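Contents: one structure, followed by commentary.
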Amino acid sequence: MVLLEISVNGKGCRVLVDATTSLLTVLREQLHITGPKIGCETGDCGACSVLIDGKLRRACLTNAMSVNGSEITTVEGIGGSGGLHALQKSFYEHHASQCGYCTPGMIVASKALLDNNPTPTELEIKEALSGNLCRCASYVNIIKAVKSAALKTSNGGGEP
Amino acid sequence: MTFKSIGKSKPRYNGLDHVTGQAQYVDDIFIPGTLAVKALRSPVHKGIIRKLDTSRAEKFPGVKGVITAADVPCNTYGYLTLDQAVLADKAVRYMGEPIAAVAADNLEAANEALDLITLEIEQETPVFDPLEAMKPDAPKVRPEGNVLMVGNRPYRLVFNGDIEKGFAQADEIIENTFFFPSQEHAPIETQVSLAVPEKDSRLTIYTVTQGMYFLLRQLQRILGQGDDLTNRWSERMQYASRGHLGFCDIKYVGGNVGGAFGGKTELHADAIAALMALKTGRPCKWRWTREEEMLYSARHSPWRMTFKDGVTKDGRIVARKVFSIHDAGAYTGLSSYVVDKHAFYVAGPYYLPNVEVKCAVVYTNKVPTGAIRGFGVTPGTYACEIQMNMIAEKLRIDPWEIRFINAIRNGDQLATRTKLESVYLIETMQKLAEALNHPIDKKYASLTSAPREA
Amino acid sequence: MKKRGKGLAVAFYPTGMGGGGDFTNAIVKIKPDGTADLIIGTVELGQGACTVLPQMAAEILGIEYEQVKFINDNTDSCPICFGSFASRVTYFAGNAVIKAATNARQKLFEIAAPDLGAAPEDLEAVDGTIRVKNSPEKALPIGQVATKGLYEKHEFVVGTGSFGRPRSFPDPETGACDPLATLAWASVQIEVEVDTETGVVTVIDSRSVYDVGKAINPEMAKLQVEGGAIMGMSWATLENLYPFYPSPKFQPRSLGQYMIATTMDIPHIETTMVECPSPVGPWGAKGIGEMTANPPSPAVVNAVHDAIGVWITDIPITPEKVLRALEEKEKAGN
Ligand code: FES
Ligand code: FES
């Protein structure tokens with residue numbers, strides 16, 4: 001067991017972890033932060049997407065100790081203290097989920113996109129989310145939601 | 001009539017939970033002391049278990065319980081035919097069939113313990129191709145034979161009219177065979193079950209099922225809660241020191257599922273998690289890995305369908321004969337029900353004065369198939385709609401036109417002789433043509449689903 | 001060379017279990033604050049039962065959708081629902097909810113009648129009040145009525161409802177039976193582009209018209225239609241659990257090996273909803289959850305034929321199959 005110190009959604013966490021444990025397991029099983037979902041644990045579905053120091057990563061493929069000292073953001077931390085993030089609001093308003101299992105990952109991946117590219121084209125949105133599987137195939141509305149959130153945030157609609 | 005709620009695109013009830021990560025699915029529930037469950041599955045497609053020794057696994061550090069067929073009070077289940085074992089004790093009929101299960105403090109220990117189970121299986125020759133399996137000398141998937149008997153026939157028969165008379169009226173006979181493959185439902189949430197023995201001697205099962213009550217009865221039976229088995233079960237309960245488990249002492253907790261598409265209508269993880277919880281007296285969670293889900297969960301059955309149609313030069317289908325083969329996999333599951341639904345609708349939404357459908361369930365040594373979005377109708381629609389275009393091609397009629405000519409209307413009958421109402425096929429086609437700016441002939445533009453004149 | 005083609009497919013789909021025999025029960029409970037609990041054993045798996053069923057209860061009770069709680073999480077307290085399958089929930093659970101809510105509303109009418117000086121049958125539930133038909137000024141807030149019932153009359157303001165269909169077994173000789181509650185209808189056209197050099201089939205356009213009887217929640221119904229369409233296209237072009245069928249060898253083991261449609265695979269999609277009401281469905285609604293995945297796969301096959309003149313009747317239409325079919329066509333032509 002080794003000591004892992006990370007900040008998750010702005011909160012410092014110290015946990016003893018197995019050196020081989022994935023970040024996803026630490027978040028879910030040890031910290032009980034369950035926004036990131038387990039869909040495959042092989043990096044194929046994107047349900048476990050988180051931001052590590054602002055970069056989009058698969059928590060299931062990330063060794064927890066390898067991100068010692070990092071800032072982790074999950075869907076729970078996207079909105080910050082100011083309530084819902086524009087993306088969350090937009091997903092909600094656009095009926096952009098069915099079962100909702102992919103939604104946390106979708107929102108985190110969309111956030112990573114808008115952070116780098118506040119006014120993405122439809123193709124850029126599709127490309128950015130192509131690693132996030134949605135079997136309910138809510139894609140049409142997800143893309144609409146991201147577009148509309150991008151418009152709002154880039155028009156100074158305020159973030160979060 | 002004005003409505004306040006009906007017809008309004010209200011926001012999804014749990015939409016805010018979805019977008020904030022607060023929606024709770026089974027795997028998001030953590031109960032201290034929960035054991036991790038793993039199953040030992042058959043490494044062969046077909047065989048007889050000759051030796052199963054779990055003693056070394058039981059002694060492995062961290063292991064809290066191992067179960068085999070001997071721990072299952074009632075080891076036969078199935079929706080329609082009780083032909084499946086929760087844990088196989090003799091015959092295994094598909095690769096991946098569960099044989100034993102381990103519960104341990106953590107997944108690593110459970111996985112390692114699996115390797116310590118001694119399993120010897122005498123391999124037998126499997127059969128994978130339903131066409132092979134239908135031959136009389138084929139290896140038997142099950143002792144009862146490889147084709148499900150429906151009454152005294154090896155297929156479901158549904159007919160209406162007089163098929164031979166129909167063919168006699170035909171100018172052309174058009175026959176084609178179609179194949180619809182197997183798919184995985186692939187919901188992003190895999191099978192998960194968390195079974196928790198409660199203080200009041202009850203068992204709570206957090207489940208991903210699509211129909212809690214649908215499975216409740218099956219699980220009750222497996223746990224020996226039905227009728228004569230109650231006593232046998234309470235004897236076993238002493239090992240778990242959980243006291244008596246009376247009728248209906250199972251509580252399913254669920255209702256929020258991460259996608260299903262038909263793939264969560266089976267017991268899958270529930271029965272073994274429940275048995276494990278009762279054996280160990282501890283909460284037990286079995287979450288299938290994606291690989292288990294891909295390889296061993298119930299899947300869409302492969303279908304082979306042959307359409308033989310008698311058509312007139314002007315495009316009317318005067319006879320339609322369909323023969324379908326449903327590759328069920330190793331056990332019945334919902335197959336006998338699926339073929340019925342298939343047989344009722346495979347001939348398609350057309351006016352068919354003479355129609356005959358035969359549909360066979362064939363067992364093979366593959367993973368059992370199950371419900372999926374479209375339940376037997378999907379392959380039917382697939383075959384029928386390609387066949388319609390093939391007829392159109394052969395008769396040099398436009399694909400739209402061939403459908404307008406034959407479209408079913410109010411008062412027409414299905415193959416099941418059901419008289420239809422609220423039919424709206426012609427109208428949806430007209431609306432589609434309109435949306436596409438696709439020109440359609442005046443005589444079809446003015447057609448309606450009104451009953452045809454006698 | 002890239003060639004385009006269009007394919008048509010139509011579909012019908014029954015609402016409810018194939019042989020009938022299924023039912024759903026519901027409980028609607030009115031609370032002293034005028035809100036309601038809808039208690040029902042129906043599983044929410046993304047189809048939207050958690051939304052459309054409260055919408056129905058709200059409509060009957062004359063309250064806001066937001067004032068209905070959806071309680072569906074266990075088999076101890078939630079009454080029996082057969083399950084969320086067979087495109088049955090909106091129709092079966094919906095009808096059960098209508099009955100339960102109507103039943104609860106009737107109790108409100110009976111409690112309010114003396115105070116409003118009218119007979120229960122002359123009352124209606126509108127805008128959060130129980131009021132006299134045609135004299136909207138004579139009205140009492142539902143919360144007040146429920147409170148009076150609970151605290152003064154000791155009347156538990158709860159309604160129950162059950163809806164189902166009888167079992168119908170096919171005749172063993174003819175197969176005759178009554179297998180359906182109602183049918184929903186659809187017409188779909190799909191346009192594809194086939195690259196004759198690589199064999200890749202790209203779905204570029206999907207237009208659908210669905211008869212849903214009545215869209216209780218149009219945006220969610222549309223999302224379900226479009227989700228189903230994408231699943232159907234995914235079946236048509238990507239998915240196969242037995243790539244060497246009937247051999248079980250080389251089955252895909254991961255979502256990397258078994259491809260399902262991603263954002264990059266979706267075409268331009270347009271959906272039109274039409275409403276041919278079912279006489280028994282809630283406000284005419286029919287079930288469409290499953291059928292939306294059905295017409296796309298034959299439509300893709302037909303579109304590929306339109307584009308390159310070959311029939312590929314075993315989906316998924318992989319590049320390999322396309323190239324092989326084109327080769328054969330060429331050989332046959334020579
Ligand atoms: S769980 Fe990490 S990508 Fe699927
Ligand atoms: S909404 Fe179900 S997986 Fe995306």
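Tabulated results
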| quantity | calculated |
| --- | --- |
| Carbon and sulfur %, accessible surface of segment C:23-163 computed with the full protein complex present, 1.4 Å | 53 percent |
| Distance in nm between pseudo-label sites at C:Glu270 and A:Thr119 (7 Å out along the Cβ direction from Cα) | 2.8 nm |
| Local electrostatic count, B:Ala104, Cβ distance below 13 Å [Lys/Arg +1, Asp/Glu -1] | +1 |
| Average beta-carbon neighbours from other chains, 10 Å sphere, peptide C:315-323 | 1 |
| Protein accessible surface hidden between C and A, which excludes ligands and nucleic acids, total in Å², probe 1.4 Å | 2000 Å² |
| Environment charge at B:Ala133 (Cβ cut-off 10 Å; Lys +1, Arg +1, Asp -1, Glu -1) | -1 |
| Test item: C:216-222 mean partner chain Cβ contacts at 10 Å | 6 |
| Accessible area of segment C:137-292 divided out per residue, in Å², using a probe of 1.4 angstrom | 36 Å² |
| Violating pairs (Cα-Cα greater than 29 angstrom) within the set C:Lys99/C:Lys214; A:Lys126/C:Lys286; B:Lys264/C:Lys31; B:Lys4/C:Lys138; B:Lys394/C:Lys331 | A:Lys126/C:Lys286; B:Lys264/C:Lys31 |
| Accessible surface, segment A:2-78, averaged per residue in Å² (probe 1.4 Å) | 40 Å² |
| Prolate/oblate/rounded call for the protein assembly as shown, Cα gyration tensor, a/c under 1.5 rounded | rounded |
| Student exercise, chain B dipole from Lys, Arg, Asp, Glu Cβ charges, in Debye to nearest 20 | 760 debye |
| Mean Cβ neighbour count within 10 Å, used as a protection proxy, ranking B:440-450, C:287-297 highest first | C:287-297, B:440-450 |
| Under 17 Å from the C:Ser247 label point (7 Å along Cα→beta-carbon), backbone N, segment B:84-105 | B:95 |
| Whole-Hz ³J(HN,Hα) from phi, Karplus 6.51 cos²θ - 1.76 cosθ + 1.60, for segment C:269-276, glycine and proline x | 10, 10, 10, 10, 9, 10, 10, 10 |
| Three-way shape label, segment B:1-155, alpha-carbon gyration tensor, a/c 1.5 | oblate |
| Efficiency of FRET between C:Lys31 and B:Arg217 - r from beta-carbon atoms, R0 41 angstrom, step 0.05 | 0.80 |
| Neighbour net charge for C:Ala261 - beta-carbon separation under 12 angstrom, K R +1, D E -1 | -1 |
| Helix C:94-116 vs. chain C, principal-axis angle (Cα, 0 to 90°, nearest 10) | 20 degrees |
| Accessible area (Å², per residue) of segment B:295-454, counting only protein heavy atoms and a probe of 1.4 Å | 29 Å² |
| Residues in segment C:46-75 occluded by at least 30 Å² - accessible area, probe radius 1.4 Å, against chain by itself | C:Gly46, C:Cys50, C:Gln55, C:Glu59, C:Glu64, C:Tyr65, C:Asp73, C:Asn74, C:Thr75 |
| Loop sites in segment C:207-259: trypsin sites (Lys or Arg not before Pro), DSSP, at most 10 other Cβ within 10 Å | C:Lys249 |
| Area of C:Met17 that stays accessible when all protein chains are in place (1.4 Å probe, Å², to 10) | 20 Å² |
| Projected label distance in nm at A:Leu151 and C:Ser135, using a 7 Å step from Cα toward the beta-carbon | 5.0 nm |
| Semi-axis lengths (Å, descending) of the ellipsoid that matches the C-alpha gyration tensor of segment A:2-78 | 17, 14, 11 |
| Solvent-accessible area, 1.4 Å probe, carbon plus sulfur percent, for segment A:1-133 | 48 percent |
| Cα-based Lys pair tally, segment B:44-192, threshold under 27 Å, eight or more apart or on separate chains | 11 |
| Across B:Lys199/B:Lys251; C:Lys29/C:Lys148; B:Lys38/C:Lys249, pairs whose alpha-carbon gap is larger than 18 Å | B:Lys38/C:Lys249 |
| Linear extension gain, C:Asp76 paired with C:Ala119, 0.36 nm per residue minus alpha-carbon span | 11.8 nm |
| Neighbour cut-off at most 12 other Cβ (10 Å), DSSP loop, trypsin sites (Lys or Arg not before Pro), segment B:164-221 | B:Lys199 |
| Nitroxide proxy distance, nm - points 7 Å out along Cα→Cβ at A:Glu127 and A:Leu3 | 4.4 nm |
| Using a Förster distance of 56 Å, the FRET efficiency for A:Lys11-B:Asp129 (Cβ separation, nearest 0.05) | 0.45 |
| Share of carbon and sulfur in the accessible heavy-atom surface of segment B:1-130 [1.4 Å probe, %] | 51 percent |
| Solvent-accessible area buried by C and B, counting both chains, probe 1.4 angstrom, square angstrom | 9300 Å² |
| Expected 222 nm ellipticity per residue - DSSP helices of 4 or more, -39500 (n - 2.57), all of the protein assembly as shown, to 500 | -8500 deg cm²/dmol |
| Gain in span if fully extended, B:Phe30 to B:Lys59, counting 0.36 nm per residue against the direct Cα distance | 7.8 nm |
| Neighbour-limited loop hits for chymotrypsin sites (Phe, Trp or Tyr not before Pro), segment B:60-98 (at most 15 other Cβ within 10 Å; DSSP other than H, G, I, E, B) | none |
| Estimated FRET transfer efficiency when R0 is 60 angstrom, pair B:Met149-C:Met1 (beta carbons, to 0.05) | 0.70 |
| Rounded tilt (10° steps) of C:319-333 against the dominant C-alpha axis of chain C | 50 degrees |
| Heavy-atom SASA rank of C:His268, B:His342, B:His438 (probe 1.4 Å, accessible area, largest first) | C:His268, B:His438, B:His342 |
| Average beta-carbon neighbours from other chains, 10 Å sphere, peptide B:300-312 | 1 |
| Acute angle (nearest 10 degrees) that the helix A:139-154 long axis makes with the longest principal axis of chain A, alpha-carbon atoms | 90 degrees |
| Prolate/oblate/rounded label for chain B (Cα gyration tensor, a/c 1.5) | prolate |
| Check: the protein assembly as shown dipole with +1 on Lys, Arg Cβ and -1 on Asp, Glu Cβ, in debye | 660 debye |
| Accessible area buried between chains A and B, both sides summed, probe 1.4 Å, in Å² to nearest 100 | 2500 Å² |
| Cβ-based charge dipole, segment C:23-163, positive-most Cα from C:Ile98, C:Ile142, C:Cys50 | C:Ile98 |
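The values are calculated or read from the model by the stated rules, or taken from the named source; none is laboratory data. As the structure is a prediction and not an experimental result, all values here were calculated from the model. With ideal geometry, Cβ positions are generated from the backbone for all residues, glycine too; neighbour counts draw on all protein chains shown. Note: areas computed on protein heavy atoms with side chains; ligands, DNA, RNA excluded. Shrake-Rupley method; radii C 1.70, N 1.55, O 1.52, S 1.80 Å.
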